[in-house]
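What follows is a single structure, written as structure tokens, with notes after it.
The values are calculated or read from the model by the stated rules, or taken from the named source; none is laboratory data. Remember, it's a predicted structure, so these values are computed and weren't measured experimentally. Quick reminder, even Gly has a Cβ in these numbers, built from the backbone with ideal geometry, and neighbours come from all protein chains shown.
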Amino acid sequence: MSEPEGLWQFSLRVYAAPGVAEWCLAQQDGLGADVNILLWAAWRGAGGRRLAPADLAAAEAATAPWRDGVVRPLRAARRAMRGDLGAIGAAAAAELRRRAKALELEAERLQQSALEQLRLGGTAVEGVPREPVVAANLVLCLDRLGAAETAPPPALIAAAVTGTCNTCL
């Protein structure tokens, strides 16, 4: 029997699917979405768990201090290094930017580890295709951001239910 796919491995696989990264970043930059929460919600759906608003609120409350105090500042610093900043040009800062990106990814991995350990319930759904559960969880996230009319991309939903994540907790 294969091991359940952890959230981080799930996220790396799903995020690499065509169009998923672009959609996630558009939600992050346009709506202030937490991509880690979006991926966690998809992971829970792929594991057959339909999230309730209280589950989503608890996950956000548990990880917001880390996201706001560590992940977002690292992202802002990394993004600031894209261009020339006074006497320091983008080329001179390239290696530092690469290391900042690695730190940002490690901070996101820690956030996802915390989300995975929360073991927030959600309602188990049996005998139902996983696609609508993943979609419902993502719509819940979007609705919380005031963007319920935004549909999750089919590529994200398809990638979420492909692989070993059917055994996600």
**Asked** Residue check: is residue 41 modelled with pLDDT of 95 or more and within 14 Å of residue 160 (Cβ to Cβ)?
**Response** yes
**Message:** Exactly one of these conditions fails for residue 85: (1) surrounded by 13 or more Cβ atoms within 10 Å (Cβ to Cβ); (2) hydrophobic (A, V, I, L, M, F, W, C); (3) more than 23 Å from residue 142 (Cα to Cα). Give me its number.
**Reply:** (1)
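Residue by residue, here is whether (1) of a type outside the set (S, T, N, Q); (2) under 26 Å from residue 148 (Cα atoms); (3) in contact (Cβ under 8 Å) with a residue 40 or more places away in the chain holds:
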{"site": "6", "(1), (2), (3)": "yes, no, yes"}
{"site": "28", "(1), (2), (3)": "no, yes, no"}
{"site": "33", "(1), (2), (3)": "yes, yes, yes"}
{"site": "47", "(1), (2), (3)": "yes, yes, yes"}
{"site": "50", "(1), (2), (3)": "yes, yes, yes"}
{"site": "65", "(1), (2), (3)": "yes, yes, no"}
{"site": "74", "(1), (2), (3)": "yes, no, no"}
{"site": "77", "(1), (2), (3)": "yes, no, no"}
{"site": "81", "(1), (2), (3)": "yes, no, no"}
**Item:** Subset of segment 128-137 [touching a Gly at 6+ places or on another chain (Cβ under 9 Å) and assigned to a loop (DSSP other than H, G, I, E, B)]
**Value:** 128
**Request:** For segment 133-154, enumerate the residues that are exposed (fewer than 15 other Cβ atoms within 10 Å of the Cβ) and under 20 Å from residue 17 (Cα atoms).
**Result:** 151, 154
**Prompt:** Do the conditions hold for residue 8, that is, is it under 24 Å from residue 162 (Cα atoms) and under 15 Å from the mean Cα position of the chain (by Cα)?
**Reply:** yes
**Prompt:** Considering only residues of segment 92-127 that are without any contact (Cβ under 8 Å) to a residue 60 or more places away in the chain and not in a helix (DSSP H, G or I), which is farthest from residue 55 (Cα to Cα)?
**Reply:** 92
**Any chance residue 58 is surrounded by 12 or more Cβ atoms within 10 Å (Cβ to Cβ), in contact with a Leu (Cβ under 9 Å, 6 or more places away or on another chain), of a type in the set (Gly, Ala, Ser) and within 30 Å of residue 137 (Cα to Cα)** = yes
**Request:** For segment 95-105, state whether one or more residues are modelled with pLDDT under 95, more than 17 Å from the chain's Cα centre (by Cα), loosely packed, with under 13 Cβ neighbours inside 10 Å and not basic (Lys, Arg).
**Result:** yes
**Odd one out for residue 146, checked against (1) in contact with a helix residue (DSSP H, G or I) (Cβ under 6 Å, 6 or more places away or on another chain); (2) within 19 Å of residue 26 (Cα to Cα); (3) assigned to a loop (DSSP other than H, G, I, E, B)** = (1)
**Complete:** Sole miss for residue 22 among (1) in contact (Cβ under 8 Å) with a residue 60 or more places away in the chain; (2) surrounded by fewer than 23 Cβ atoms within 10 Å (Cβ to Cβ); (3) part of a helix (DSSP H, G or I); (4) over 11 Å from the mean Cα position of the chain (by Cα) is condition (1)
